[in-house]
Structure formats: structure tokens, C-alpha cells
Amino acid sequence: MSISTYIKNLGLCKKNAGHKNFYYHFLEFNVILIIVGDNMIQINYDGLWKILIDHNMKKKDLHNELNIGTGTIAKMSKGEPVSMEVLAKICYAFKCNIEDIVRFVYE
């Protein structure tokens, strides 16, 4: 199925990101599908959730210990994009790299 057909069939939400439009749609399991041009991308934070489990932490600990806003945590829980500043703060706290906490899944 072409990207334009996919966008039309799903009735995707449209946002303007600078000079390009991108579309997104909520999928099952709190994953978002982002379409930029002809590319489909899912944002996946499973690495972060595994790190939290390994450190015996919960999502609320990100707020309490790293001062990350609850809205930002909710965005990550839904697979939505967050700022590079937030990702850097998490990486610094856990002494890891960005690819350890977030990854893009290309369709």
C-alpha cells in the first residue's frame, strides 16, 4: 500500500514540522506511527523500560529522581517523540547511549 493511500485510509493526524508535513497515527500497544515524506517510522522506548526494570525503578522514578515531567513520561509511554534534552538527561543518569533507550523502527 502506498503512503498516500495509507494516510487517506487511516485519516491520519497532520502536523507541520518546518518545511515538511508529517502524519501520525496511534497504533496498538502505545506505539505511534510517524510518516515523513514517504517514510514510516515507529518510535520505540522498550530499551528505556528494560533499563528501569534492571534498576528496579518505575516510570514515576524518572519524574522523582530525574525531574522529568509527567507529561513527558506519558509521551514516552505512548511512543511519542520527546526532546533531545530529556533523552540526554536519561542517558547521563544511566550512563548509557541514546540507542540503548530509544530506537526507530522503519516500515
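Throughout, read-outs are computed from the coordinates displayed, never taken from laboratory work. Treat the numbers as computed from the prediction; the structure is a model and nothing was measured. Backbone-built Cβ (ideal geometry, glycine too); neighbour counts: all protein chains shown.
Name the pairs: first residue in the range 89-107 and more than 17 Å from N67 (Cα to Cα), second residue of a type in the set (S, T, N, Q) and surrounded by 14 or more Cβ atoms within 10 Å (Cβ to Cβ), Cβ to Cβ under 6 Å, at least 6 apart or on different chains?
Hits for this filter: R103/N44; V105/Q42; V105/N44.
Can you name every residue in the range 57-107 that is in contact with a strand residue (DSSP E or B) (Cβ under 8 Å, 6 or more places away or on another chain), assigned to a loop (DSSP other than H, G, I, E, B) and more than 16 Å from G47 (Cα to Cα)?
First, pick out the residues of the range 57-107 that are in contact with a strand residue (DSSP E or B) (Cβ under 8 Å, 6 or more places away or on another chain): 78-81, 102-107.
Those left that are additionally assigned to a loop (DSSP other than H, G, I, E, B): 78-81, 102, 107.
Selection gives E107 alone.
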